[in-house]
Each structure stands twice: as structure tokens, then as C-alpha cells.
Amino acid sequence: MISLRSLRAPLALASRCARAPVVPCQPLPSSIVRQLSTESRDRSNVVATYIGPMRRGYYRLKLLSLSSLAVSTVFVPIFIAVPTKVELAARVALSLSTVGASSISTALISWIGGPYVGHMTLRRSMPGYEPLHYISDGPGDVVLDDLPSDPNAHASEGYYLELATLGWSMRSLKTTIFTPSLLRVTTRPFATWELPILPPALTVDEKMIKSTKEHTVSKLISETVDVSSGKVIGRWWARWRVQPGADVAEFSGTCEAEGSPSVHFYVDESLLGDEWRVLG
């Protein structure tokens, strides 16, 4: 038999639910909407991805080297200060050799693995965008802030690259290459690609040459961002010096670094599929 008390509980709950006010649906904040739309757009323009096969091994090796350097640096003063049977000069020499060996090994591992690309993404740029060119009196006049640039505003091709590497202090770095066709085979050990030293010649209309004064044309080739802080730590520029009254309409240029951009990269090209053929 069902008791009257067992029926009263759900009836009371139903009456409380019936008297509860109806709360209108609140729209999402605009910042969240922008974030969701950006994430959706970021996923939609991905053409291909690459994952370095040895990224975990390099991460652990680098972590081990930095840990050993930190431990040796901390314990060396204690070893020197604590009196033992070993003479002070011997303790100092042993401590310096230990810290020196740990520093050299850490620097060597950082130099070898610095170009190693743990993750690479090939993205399709938005059609209809023209790459930005900055015109100034001199190369030092073009100054951008430390916020990441819009890839679609600087991509001069149908695609651009995003490469993830590690800094010497285990910082995650993301380098965006706006003109992937400028990547060249490098002679640096433990790297496969490098950014160019000399950009292609700049073609300028002859009427513009005669009507303007001498100026510098700058184009952003790549940009390296510290992922943890979200700030730019380096850029790679292509610059051309345009001189009025010149007999030619093509001007040679040079590439210059601003800050500390990543220039060399190691990618196992045997793992790149057919989607990467668009790079040439």
C-alpha cells in the first residue's frame, strides 16, 4: 500500500516548481561569441597538420637537462660552503666543472633541438586579401606593437604556415610564416628549412618611381609569438629600397630580423602527405 506521506513529497515538489519564476534566456557575452566564432574559423581553414614524431622525447630530454642545471646550480654553493675533508680549492674546481658541463650540455641540447617542429599546421588564407606593404623613409620607421598580426592581412599566397617549437627555457613558441614559398633548404645541422636572406625582387610601376621620393618598402615574412604571454618576440622582414629616377623597375632587397624570431626549422619531410604539395 502506498502511504499518504509518499504522495505528498512529489506533490509539494511539483507545486514549488510550478511557482518558480521563469528566467529569460540570457545571450552569451560578445567576447565568448567572438571566441567561439574564431575557434570555428580556425578549424575550418585547416588544410593539413603535421606532428613531429620525436616531440615527446625532445621535450623530456630538454626538461632533464634544465633540471640537472638547476639542481647543480642550487647545490654547488652548499657544497662549497660546507666544510669537508676536501680542500676548498678542490671543491671550487669540482663545482665549476660540474656547472660548466651541465651548462654546455643544456646549451647543446637547446641548439640541436631548437629548430625541431613539434606541430605544424597548413592553413588556407581568406581570398580577396592583398598583403600589406609598409612604406617609410627608413627601415627603422616601421614599428608594430607586440600583439600578433592578422595572417590574412599579410599572407601573400593562398596558404600560410604555423609552426610550434620550444625556446631554450621550455617556452612554447608559434611561428607564422605568411609566405611559405620563401622557405629554403638550409645548410644548418639538425634543420631542414630556413627563412630567406634575400627576398624576390620588388617590381614597381615606373610612374610611381618618378613621382615619389626615395623610400623603403617593408613586407612581413614571418612572426614568432610566445604562446604563454601571447606577445610577439620577433619578426622577419623583407625590405626593398626604392630610388626615384632608377632605370629599372625591379629592386633587390634584404631580409632583416626584429627581435628574436625563429629562423630555422626541422621537419621530417617524409611524413608530409599530398596535402602539402601546395607548398611547391
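Read the figures in this text as sums done on the coordinates, not as results from a lab. Note that the structure is a prediction, hence the values are computed from the model and not measured. Note: ideal-geometry Cβ built from the backbone for every residue, glycine included; neighbour counts use all protein chains shown.
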Next item on the list: Just name one of 159, 169, 190: the one whose Cα is farthest towards the positive end of the charge dipole of the stretch 122-233 (beta-carbon charges, Lys/Arg +1, Asp/Glu -1).
Entry: 190
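Tell me, 269, 223, 258, 130 in order of fewest to most beta-carbon neighbours within 10 Å? Don't skip to the end; give the middle numbers.
On the way: 269 11, 223 25, 258 19, 130 8.
The order, fewest Cβ neighbours first, is 130, 269, 258, 223.
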Checklist line | Counted charge near residue 138, where neighbours are those whose Cβ lies closer than 15 Å (Asp, Glu -1; Lys, Arg +1) | finding: -2
Item checked: At R0 = 30 Å, FRET efficiency that the Cβ-Cβ distance of residue 112 and residue 229 yields, to 0.05 -> 0.75
Check: When 217, 74 are ordered from fewest to most other Cβ atoms inside 10 Å of their Cβ, what list results?
Finding: 74, 217
Checklist line | Sparsely packed trypsin sites (Lys or Arg not before Pro) within the stretch 63-148, loop by DSSP, other Cβ within 10 Å at most 15 | finding: 85
Checklist line | Normalised contact order of the stretch 119-272, rounded percent, pairs of Cα under 8 Å and 6 or more residues apart | finding: 24
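For Cα pairs less than 8 Å apart in space and 6+ apart in sequence, what is the mean separation divided by the residue count of the stretch 51-113, i.e. the relative contact order in percent?
Working: 26 pairs, mean separation 30.3, N = 63.
Result for the stretch 51-113 is 48 percent.
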Check: Based on the Cα atoms of the stretch 72-203, what semi-axes does the equivalent ellipsoid have, where each is the square root of 5 times one gyration tensor eigenvalue, given in whole Å with the largest first?
Finding: 47, 17, 15
